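Q: First the structure, then my questions, so here it is.
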Amino acid sequence: MRIADCNDFEPEEEQGPCPTDPLGTFLHGLLTMPDLIAAGGFRVSDNTTDTVFVEPGCCNGLETWRDWLEVLDGTGCSYFGHDPSSVAERVGGIVRLTLDAHGADGSPVIELSVDQIRRLVAGAQQDLQDFLSLAGTWAEQHLPAHAAAVTAALSRALDLAPTQ
């Protein structure tokens, strides 16, 4: 419901007119928007120092979870939002999470091993896949006429392969 609500925009011409029934109106953005938003995101915190790297926000939604793979296996760097401009950088076997890359010296930093980040990302990916499976089952029971389309849209929103 929250993902559908986040994508409730005024339809553009290529998405066609918005349906007039309440359910169709609610689902229209989810089912027609090409680039979906899944509000939320990953939050990394260091409880020993009370440092929080990245709060979920407008530029750090669940749809961007694969940016963590870019840190691990790609360029070794990715930005997660703005105000502050949080950045994750791979430095050898460590991932350095800097709260504000554009801030003054002394911005809080969390360092975790690549293996720790890889386990956290794999766990989050599994959680998202499990959610997609549960949402698909729910949609089949409660929205049978829209179940396939809703499940496919959620898969796109979460950047996951559809469940079988």
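The values are calculated or read from the model by the stated rules, or taken from the named source; none is laboratory data. None of the values given here were measured: they were computed from a predicted structure. Positions of Cβ are backbone-derived with ideal geometry, glycine not excepted, and every protein chain shown enters the neighbour counts. Note: accessible area is taken over every heavy atom of the protein model, side chains too, but ligands, DNA and RNA are not part of it. Shrake-Rupley method; radii C 1.70, N 1.55, O 1.52, S 1.80 Å.
Q: I'd like the GluC sites (Glu not before Pro) in the range 1-52 restricted to DSSP loop residues with at most 13 other Cβ atoms within 10 Å, sorted by number.
A: Within the range 1-52, the qualifying GluC sites (Glu not before Pro) (loop, at most 13 other Cβ atoms within 10 Å) are Glu12.
Q: Further question: Round to a whole number: what % of the accessible area of the range 1-136 belongs to carbon and sulfur, probe 1.4 Å?
A: Carbon and sulfur atoms account for 52 percent of the accessible area of the range 1-136.
Q: With springs only between Cα atoms under 10 Å, which of Cys18, Cys59, Cys77 fluctuates most in a Gaussian network model of the chain?
A: Cys18
Q: Find me the longest stretch of the chain that has none of the exposed trypsin sites (Lys or Arg not before Pro), where exposed means in a DSSP loop (not H, G, I, E or B) with at most 15 other Cβ atoms within 10 Å.
A: Segment 67-164 is the longest.
Q: With every protein chain left in place, what is the accessible area per residue of the chain in square angstrom, probe 1.4 Å?
A: Accessible area per residue: 58 Å².
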